[in-house]
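Before any comments, here is the structure.
Only the coordinates and a few stated rules stand behind these numbers; no lab work does. Keep in mind that this is a model prediction, so the values were computed, not measured. Neighbour counts run over all protein chains shown; Cβ positions are idealised from the backbone, glycine included.
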Amino acid sequence: MNISNPIILLSDVSLKAGKNEILQNVNATIHAGEFIGIFGPNGAGKTTLVRALLGLIRVEAGTMRLFGEPVKKGSRQIGYMPQMMTTGDTVGLSVRAMMMAVQSGEHWGMPWCSTVASREVDEVLKLVELQHLAGKPFHKLSGGEKQRVQLAQALLGKPKLLVLDEPLASLDPYHQQQLVEIIFNIKKITGTTILFITHDINPLLHVMDRVWYLAGKKAALGTLEEVLSNNVLTHLYGASMHVIRAEGRVFIVNAESNVLENTCCGHAHA
C-alpha cells in the first residue's frame, strides 16, 4: 500500500439517485494497493457510490477525485465487474473467444487474435486460475467459473483500480471463499487497488485492509476494529446497533429489534 498516492479522494461528497439524496458529506481517502470492503444495508448507497466513481452520475456537492483528477466516464484505469453478466449464455463462444471479443474493454466485436492481445488474455486467465478452461464453451461453465471469466474481463488493460459489485451474490460458501482468495492473490501480484462490494462481511475478514460502511446517508472508513463498533454503527444507522463476534465471524444486530442486519451473514432478515 502506497500511503503517499491516494487513488480515491472524496471531500464532503453528496450523491443523489434521481431526486433522493443517498449520501451526505462523505469524506474518504483510499490509497494505492488497498483492499477495501464496502458494506451497508440495501439502499445505503453502495451502487450509487460506484456509479459516481465510474462517472455515470454527477456529484451533487463536494469533490470526488480519482488518480488525482476529476472523475470521468470510461476511464481505462478502472476495471469494473458488474453484479450480473448480461451476455454469454446464448452464444457458443469459448472462454478464450469471449475474452478476445471484449479485449478492447469498450465494446463487443469479432475476436482479433493479435499476439499482444492473446498474451494478455493468457495472463488474466492465469490470474483467475482458468487457463485450463480457455477452450471450453462459456455456456458450459459453472456459476463460479463464469464469475471468474467476468473477473478476468475486468482485469484486461491492467487497471489500477478494480471495482467488484457483489461478486459473491450467486455463489455457495465454498466458491465464495475460493473467489475471495483469487481476488486477494490478484491484489498481491498486481498491486491493484480493490473496492469489493458485498452484503456478507465474513468472507473478507482476513483480506481487507479497511472497511467502508454506508448507512443512514452517512459513511465510515477505517480498520475493521474502528468501523465495526457499537458506537460507529449506532451513529451511522441512527439506531442502537450491536456488533457480535463469535467463532471467527461478525454479526451486526439491531439492539432495538434483535434483528440481524443484512451486512453480517448474507441472508438478511432486515
Relative contact order (%) - criterion: Cα under 8 Å, at least six apart; region: the range 166-232
23 percent
For the chain, just list the percent of Cα-Cα distances falling in each 10 Å bin from zero outward, please.
7, 29, 34, 22, 8, 1, 0
Taking a spot 7 Å from the Cα of N5 along the direction of its beta carbon, which residues of the range 43-72 have an amide N less than 16 Å from it?
66-69
Taking the dipole about the Cα centre of the chain, with the C-beta of Lys and Arg at +1 and of Asp and Glu at -1, give me whichever of A246, S114, P167 is farthest to the positive side.
S114
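Taking the Cα centre of the chain as origin and charging only Cβ (+1 Lys, Arg; -1 Asp, Glu), how large is the dipole, in debye to the nearest 20?
Values: 25 positive and 23 negative charges, 139 e Å.
Computed about the Cα centre, the dipole is about 660 debye.
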When the helix-only estimate is applied to the chain (DSSP H runs of n ≥ 4, each -39,500 (n - 2.57), divided by the residue count), what is the mean residue ellipticity at 222 nm, nearest 500 deg cm²/dmol?
-8000 deg cm²/dmol
Subtracting the Cα-Cα distance of N185 and N231 from 0.36 nm times their residue separation yields 13.2 nm
Projected label distance in nm at R119 and R245, using a 7 Å step from Cα toward the beta-carbon:
4.7 nm
Considering only the other residues whose Cβ falls under 15 Å of the Cβ of N5, what net charge follows from Lys and Arg at +1 and Asp and Glu at -1?
-1
Amide N of the range 53-77 lying under 14 Å from the label point, which is placed 7 angstrom from the Cα of D12 along Cα→Cβ:
60-64
